[in-house]
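Visitor: Quick one: the structure is below, and I'll ask about it shortly.
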Amino acid sequence: MRPLAEHFDVVVIGGGPGGYAAALYGAGAGLKVAVVEKDKVGGTCLHRGCIPAKEFLETAHVYRTVAGAKEFGVNSDQPVVDFSVSQARKQRVVDTQWKGLQSTMKRRKITTINGYAQLAPNKIVKVSDGSDLTADNIILAAGSTPRTIPGFEVDGKFVMTSDEVLALDELPSSVAVIGGGAIGCEFASMMSDLGVKVTLLEALPKILAGCDADVADVVVKSFKKRGMDVHVGVSGLSHKPGKSTTTVTWDGGSVEVEAIIVSVGRKPATDGLFLGDTGVAVNDRGYIEVDEWMQTSAEGIWAIGDCVPTAQLAHVGYAEAMLAIKGILGEDATPIDYNAVPWCIYTHPEVAFAGYSEQAAKDAGYKVVVKKGPFSHVGRADIIGETTGIVKVIAEDQGDGTGGRILGVHMVGPWVTEQLGQAYLSVNWQATVDEVAQFIQPHPSLSELFGETVLALTGRGLLLQ
Ligand SMILES: Cc1cc2nc3c(=O)[nH]c(=O)nc-3n(C[C@H](O)[C@H](O)[C@H](O)COP(=O)(O)OP(=O)(O)OC[C@H]3O[C@@H](n4cnc5c(N)ncnc54)[C@H](O)[C@@H]3O)c2cc1C
């Protein structure tokens, strides 16, 4: 049996990507680490987020491929979706990853405790199994849960958040997606590819608000071409349930749908996390306040991932975890440049970017020069039959119309999430156009477009001017 009081170098509350990355990185550096997880290690990302969502988007990809096979001379029947099989496959992928993670944590000799944890004063972690853990350092990685909006609470019938969508065995025939951010757009894209009639409702003037406008426009065009109704600037939302459908109404419009997906962001899971005065400052939206090293206002207590007010991305959680562990070890570290983290959105077409958008660079005071390369110029894109999209490179203007330092790379098109790596490196290495233009891109490949767009910024592109 586990002792009722045990001391660790580090106790991590929450076993999502932030928490397990902290545990693995800490244990790898020789620290004695415990993770307390109330549900399953892997967190939102593995069980209710990145992995299951991308698995269903892959179902949509397979569907598109089969539906378009005839064009390649491969004759097959028109595809029909059995979403219960898709659901079972998704679960297999999740469970395989989950098992793998558990055994890696075990191999690293991380103590994983299943229970609800609360932080008490004097660096004590109280666990729901009755045990107290003490530690030299505690990392809070409690993550986040889906937000809803008044009148659109999950009701077990019409209204779902991402948690419920990812557990579906059957797709509705029509859906209203409220929220045109990354997650809302991914669900809208997946469902529309699989034959669901989708209405996408966004309060802001544009969907994918954080993206470069040219990139977001390509996604909107593609959505509309596939028959999706996209409404922006939507306000006054309500819905009136009927027997088997509900009518969603907004100022100036309405639609009758079988289901509603509310995708309006996530809130930090910090309610009930603290017992008494721990000295950890939490802001008015419930996020734990941290400095650039992920240290909270209480000595020896760190916070990372979705429960701090930074980009809510799994890989940002990893980076924050490593930063916190380096801080605990007293090692030199570099704070994260949140303006230049990689973003990937797995819609069809995919979106990927790092660094400034054109507008953001201008707003930050840069004089910029921009080149946009279309995938229709790229042989490999034609080969795979996916020519929609662009690579847009934003660089500092050297004064003669050629580019200097690369400030941002924004892509939309086939497999751009897999092409972002070199763009991310260029931005974060603060590389110049001349430096990056020297690198050879393999031919034929989709990544030629990034090379060609950068080359064009030297003033001497091969295909692009
Ligand atoms: C549908 C969807 C798709 C997404 N797609 C992507 C993507 O493609 N790429 C990407 O980078 N990000 C994506 N995200 C975001 C990503 O899932 C999160 O940023 C990431 O999971 C955050 O990691 P975390 O460790 O901070 O928190 P979480 O993953 O939320 O993990 C927190 C863990 O802490 C546990 N916990 C909470 N409180 C306690 C407590 N008091 N005691 C014990 N345990 C506790 C929870 O049970 C949970 O397991 C997606 C999210 C969603 C919802």
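Here, each number is a calculation from the coordinates, and none is a lab measurement. Predicted model, so just to flag it, every value in this text is computed and none were measured. All Cβ positions, even for glycine, are placed from backbone atoms using ideal geometry, and neighbour counts span all protein chains on display.
Visitor: Ignoring everything except DSSP H segments at least 4 long, calculate the 222 nm mean residue ellipticity for the chain; use -39,500 (n - 2.57) per segment, divide by total residues, nearest 500.
Guide: One gets -9000 deg cm²/dmol as the mean residue ellipticity at 222 nm.
Visitor: Which lysines have a Cα less than 19 Å from the Cα of Lys371, not counting those fewer than 8 places away in the same chain?
Guide: In chain and number order, the partners are Lys362, Lys392.
Visitor: What order do you get for Leu329, Leu166 when you list them from fewest to most C-beta neighbours inside 10 Å?
Guide: Least to most surrounded, the residues fall as Leu329, Leu166.
Visitor: Need one word for the chain: rounded, prolate or oblate. Basis is the Cα gyration tensor (sqrt eigenvalues a ≥ b ≥ c); a/c below 1.5 gives rounded, then a/b vs b/c decides.
Guide: It is oblate, given that a/c is not under 1.5 and a/b is not larger than b/c.
Visitor: Treating only the Cβ atoms of Lys and Arg (+1) and Asp and Glu (-1) as charged, compute the dipole magnitude of the chain about its Cα centre; round to the nearest 20 debye.
Guide: That gives the chain a dipole magnitude of about 780 debye.
Visitor: Using a 10 Å cut-off around each Cβ, can you sort Phe274, Phe8 from fewest to most neighbouring Cβ atoms?
Guide: Taking fewest neighbouring Cβ atoms as first place, the list is Phe274, Phe8.
Visitor: While we're here: Given 0.36 nm per residue, what is the gain on full extension from Ala29 to Asp332 after removing their alpha carbon distance, in nm?
Guide: 107.7 nm
Visitor: What residue among Leu208, Gly242, Val230 has its Cα farthest toward the positive end of the dipole of the stretch 207-268, where the charges are +1 on Lys, Arg and -1 on Asp, Glu, each on the Cβ?
Guide: After comparing all options, I get Gly242.
Visitor: At 0.36 nm per residue, minus the direct Cα-Cα distance, what do Asp129 and Ile383 gain on full extension? Give it in nm, one decimal, please.
Guide: 85.7 nm
Visitor: Taking the simple approach of a point 7 Å from Cα along Cα-to-Cβ for both Ala213 and Glu256, what is their distance in nm?
Guide: Result for the modelled spin labels: 3.9 nm.
Visitor: Another question about this same structure. Beyond 19 Å between alpha-carbons counts as too far, so tell me which of Lys40/Lys106; Lys70/Lys224; Lys32/Lys109; Lys221/Lys372; Lys157/Lys267 fall in that bin.
Guide: Lys70/Lys224; Lys157/Lys267
Visitor: Rounded, prolate or oblate, given the Cα gyration tensor of the stretch 1-42, with a/c below 1.5 counting as rounded?
Guide: Verdict is oblate for the stretch 1-42.
Visitor: Please report, in debye to the nearest 20, how large the charge dipole of the stretch 234-283 is about its Cα centre when each Lys and Arg carries +1 at its beta carbon and each Asp and Glu carries -1 there.
Guide: The calculated dipole for the stretch 234-283 is roughly 100 debye.
Visitor: Turning to a different aspect of this structure: Under a point-charge model restricted to the Cβ atoms of Lys and Arg (+1) and Asp and Glu (-1), what is the dipole moment magnitude of the stretch 37-121 relative to its Cα centre, in debye to the nearest 20?
Guide: 540
Visitor: Can I ask one more? Shape verdict for the stretch 1-141, please, from the Cα gyration tensor: rounded (a/c under 1.5), prolate (a/b greater than b/c) or oblate.
Guide: Prolate is the answer for the stretch 1-141, as a/c is 1.5 or above and a/b outweighs b/c.
Visitor: Grab the other residues whose beta carbon is less than 15 angstrom from that of Asp382, score K and R as +1, D and E as -1, and report the net.
Guide: Neighbour charge sum, excluding Asp382 itself: -3.
Visitor: Still on this structure: Which ordering of Thr453, Thr347 is given by a fewest-first count of other beta-carbon atoms within 10 Å?
Guide: Thr347, Thr453
Visitor: Now for a separate question. When the chain is fully extended, how far beyond the present Cα-Cα distance does Ala167 get from Glu58, taking 0.36 nm per residue of separation?
Guide: Working it through step by step, the gained length comes to 37.7 nm.
Visitor: How about the stretch 313-358: which GluC sites (Glu not before Pro) there lie in a loop by DSSP and see at most 13 other Cβ atoms within 10 Å?
Guide: Loop-located and lightly packed - Glu331.
Visitor: Further question: Hey, what do the phi angles of the stretch 130-143 turn into as Karplus ³J(HN,Hα) couplings, whole Hz, using 6.51/-1.76/1.60 and θ = phi - 60°, x for Gly and Pro?
Guide: Taking θ as phi minus 60°, the curve returns x, 8, 10, 10, 10, 7, 5, 9, 10, 10, 8, 9, 6, x Hz for the stretch 130-143.
Visitor: Here's something else I'd like to know. Residues in the stretch 93-132 near a label at Ala5, defined as backbone nitrogen under 19 Å from the 7 Å Cα→Cβ point?
Guide: Once the point is set 7 Å along Cα→Cβ of Ala5, 118-132 turn out to lie under 19 Å by backbone N, inside the stretch 93-132.
Visitor: Give me a comma-separated list of calculated 3J(HN,Hα) values for the stretch 55-71, in order, Karplus coefficients 6.51, -1.76, 1.60 applied at θ = phi - 60°, integers in Hz, x for any Gly or Pro.
Guide: After applying 6.51 cos²θ - 1.76 cosθ + 1.60, I find 4, 5, 5, 5, 4, 4, 5, 4, 4, 4, 4, 5, 5, x, 5, 4, 4 Hz.
Visitor: Amide H neighbours of Ile260 under 5 Å, counting only residues 5+ apart in sequence or on other chains, H built in-plane at 1.01 Å?
Guide: Result for Ile260 returns Val159, Met160, Ala176.
Visitor: Hey, another quick one. How about the stretch 124-225: which trypsin sites (Lys or Arg not before Pro) there lie in a loop by DSSP and see at most 12 other Cβ atoms within 10 Å?
Guide: Those satisfying the criteria are Lys157.
Visitor: Further, regarding this structure: HN-Hα J couplings of the stretch 96-108 from phi, Karplus 6.51/-1.76/1.60, θ = phi - 60°, integer Hz, Gly and Pro as x?
Guide: Per-residue couplings from phi come out as 4, 5, 5, 4, x, 5, 4, 6, 5, 5, 5, 4, 7 Hz.
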